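A.B. asks: Supplied in structure tokens, the structure appears directly below.
Only the coordinates and a few stated rules stand behind these numbers; no lab work does. These numbers come from a predicted model, not from an experiment. Note: ideal-geometry Cβ built from the backbone for every residue, glycine included; neighbour counts use all protein chains shown.
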Amino acid sequence: MPQSRTLKGVGYSASGYGPTPSRSLTITQCFKTSKVLSTKRSGGLSSFEGLDLAWALSDIELIEAFILRTLRAGYQFSPFRTFAPQLKIMRFYALLLPILLLLACGDTGGTVSASSGASTAPASAPGSANLESPNIRVEVAGAPLPGALLIGQLMEQQYRVDTARIDGNAIVFQRSEPYPQGHYYAYFSDGSGVQMLITEDQTFTMTASMPDAVGTMVVKGSQDNELLYEALRYENSQQDQFRNLGAQLRSASKGSPDYDRLQAERRALVDQRMAHLEGLYKQAPNSLFTSFKRGGQNPQLRDIRRPDGQVDEEGQVVAFRRDFWNGVNFNDDRLLRTPVIFNKLKRYIKELTPQNADSIKAASDFLIAKAIDKPDFFKFFANWITLQYEPGKSTVMDAEAIHVHMIQNYFTRERAFWSDSMTVFGLQQRADQMAYSLKGQAGPDITVPGLDGKGKRLYDLKKPYIAVFMYNPECDHCIEQTPKLTQAYQSLKNDLDVYAIALDTDAAKWKGFVQAYRLQPFTNVFDPTNRSIFKTYYVDNTPELYLLGPDRKIVAKNLKVEQLAQAIQMHKSR
């Protein structure tokens, strides 16, 4: 049983896990390697030209392509992420390892070492109490039976649930404990597979033939799966039409009669598909099938016009993002055991939301407000979003602003029910330190002893821009970046002062570094007690480079030296 990933206040432990497979990909890497997800999901923020396939292929078909392509390549999912966090002074936590039990690892039955500090997933999904023992028979002509597996999903993690027993020409998934309700794959050793929904009724049969498992599938004993395959067959019947229309639209000129005609034809196809799905929903309105398929749909693209009658694409994007979660039933926790929620979350935050701190904070608040009283959804959303923008690991400018916002609003003692009080305290303390030096705020005015022992006030520097450079004399990256900074300073010195702060060292090493790297043109300071810089400029990794503008507000942070000139120029020209 996989475990949910949560933020922690201190480090992590990997105890309790088996060896890492020799050839493995993390979940994140697998998504990056799958072109299906990146090329077929949408047309991007500025255009919806790519939505022809998004209409034709629901999220579940995309995840099917991802899983099968990855497994055919011979990869196994690894329970270990590819980062190596370092515990530093004033750093209160590191990322918790994603706890995955996947193809190369045995089922631990949900048991996790206490030292990992992981939040444990429930032994069974909501609504799975008092369910019947499963007896699922799958007969797929042309598929190899030995080694067949049942693959499940919990939030962003795929994991091995069970191994099939062979019974004649069929595989059987059978055990005394019910399977958690959700979406699954019966996966065969040749890379083929069939998907299924497992609900309250866990005794049913599925019969099909390869290579067209969807077209030939016959289900007995499960209404959810009967409806699922009826929907999949209808969607498959429209795929060629959507592809042809998409190709023609890409070659047509926007606003031309041909373009408008093709758009109308595509809208008609979408309407037919939605009408077919609505008919299926009415047959089982409270089923997992209905929550699953309805939640996985894209919202209809609104016809929004500017005063001149032209299509307002920016308005369409805003409306699409606002409508994106309308079809999701947040009262149905079973959706967390399907690909729908993770796929939508990733697309909503990473693709539909501009990657700047203000937009990400607003989008996160909008989504979490929908799930604030739904504990499992709230926990997943709050942790996943915060982990995506962990300082030092995100490329977004001022990821700290996102991190601080999430921690201060959602990782409180009242709301973070999955964490103990010490963990919450550590997270809040770290966020409080970060909050003093966010982009757009006034840079803290500090006074730190200089080489002559006298205090050197930051705001006494007179040039329009100040670079606050924090380093450790023994840090490899600092040793690499410092000569670049002295060189860059030669061309920027008419506009720029450098306030260089040595950290976690002693006076002899600091003065030796200043001498060796010829930092005399800078204002060089060092406080062995760190009192003068405590709760001022947050440092996650050294070297750290902030840029203050003429009004002494923080213009940029987490800069590379080679970005310094560009940051100054961009600020001048805004």
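A.B. asks: Label region 331-436 by shape, choosing from rounded, prolate and oblate, from the square roots a ≥ b ≥ c of the eigenvalues of the Cα gyration tensor; if a/c is under 1.5 it is rounded, and otherwise prolate applies when a/b is larger than b/c, oblate when it is not.
C.D. replies: It comes out oblate by the Cα gyration axes.
A.B. asks: Next up: Give or take rounding to whole Å, what are the principal axis extents of the alpha carbon atoms in region 443-573, in descending order?
C.D. replies: 42, 27, 26
A.B. asks: Further, regarding this structure: Placing +1 on the Cβ of each Lys and Arg and -1 on the Cβ of each Asp and Glu in region 432-574, which of PRO521, PRO483, TYR538 has its Cα farthest towards the positive end of the resulting dipole?
C.D. replies: Among PRO521, PRO483, TYR538, the one farthest towards the positive end of the dipole of region 432-574 is PRO521.
A.B. asks: Please give the Cα centre distance for region 359-403 versus region 475-511, rounded to the nearest Å.
C.D. replies: About 34 Å separates the Cα centre of region 359-403 from the one of region 475-511.
A.B. asks: Would you mind checking region 517-559 for residues with the amide N under 20 Å from a putative spin-label position 7 Å along Cα→C-beta of ALA442?
C.D. replies: Answer for region 517-559: 532-538, 546-557.
A.B. asks: Ok, one more. 5 Å is the cut-off here: which amide hydrogens, built 1.01 Å from N in the peptide plane, fall below it relative to LYS553, excluding neighbours closer than 5 in sequence?
C.D. replies: GLY443
A.B. asks: Here is a follow-up. What's the extension gain from THR529 to HIS571 if we count 0.36 nm per residue and subtract their Cα-Cα distance?
C.D. replies: Length gained between THR529 and HIS571: 11.7 nm.
A.B. asks: In nm, what is the difference between 0.36 nm times the number of residues separating GLU265 and ASP358 and their Cα-Cα distance?
C.D. replies: Answer, rounded to one decimal: 29.7 nm.
A.B. asks: Related question: Amide H of THR338 versus every other amide H placed in the peptide plane: which residues, excluding those fewer than 5 positions away on the same chain, fall under 5 Å?
C.D. replies: Distant-sequence amide H within range of THR338: MET155, HIS183.
A.B. asks: Quick one: 3J(HN,Hα) in Hz for region 414-429, Karplus 6.51/-1.76/1.60 with θ = phi - 60°, rounded, Gly and Pro as x.
C.D. replies: 6, 9, 7, 5, 7, 10, 7, 5, 5, 4, 4, 4, x, 5, 5, 4
A.B. asks: Considering region 155-297, what Rg and Dmax in Å follow from its alpha-carbon atoms?
C.D. replies: Just the Cα atoms of region 155-297 yield Rg and Dmax of 18.8, 63 Å.
A.B. asks: Tell me, what ³J(HN,Hα) does each residue in region 554-570 have, in order and in whole Hz, if you take phi through Karplus 6.51 cos²θ - 1.76 cosθ + 1.60 with θ = phi - 60° and put x for Gly and Pro?
C.D. replies: After applying 6.51 cos²θ - 1.76 cosθ + 1.60, I find 6, 7, 7, 8, 6, 7, 7, 4, 5, 8, 5, 4, 5, 5, 5, 5, 5 Hz.
A.B. asks: Moving to a separate point now. Hey, rough spin-label estimate for VAL218 and THR412, points 7 angstrom out along Cα→Cβ, what's it come to in nanometres?
C.D. replies: Between VAL218 and THR412, the label points sit 5.9 nm apart.
A.B. asks: Okay, moving on. What list of ³J(HN,Hα) couplings, whole Hz, do you get for region 332-342 from phi and the Karplus terms 6.51, -1.76, 1.60, once you set θ to phi - 60° and write x for glycine and proline?
C.D. replies: 10, 5, 4, 4, 5, 9, 10, x, 4, 5, 5
A.B. asks: Averaging over all projection directions, find the projected area of the Cα convex hull of region 135-221 and quote it in nm² with one decimal place.
C.D. replies: 5.5 nm²
A.B. asks: Over the Cα atoms, compute the radius of gyration (one decimal) and Dmax (the largest Cα-Cα distance, rounded to a whole number) for region 196-255, in Å.
C.D. replies: For region 196-255, the Cα-based Rg and Dmax read 16.8, 54 Å.
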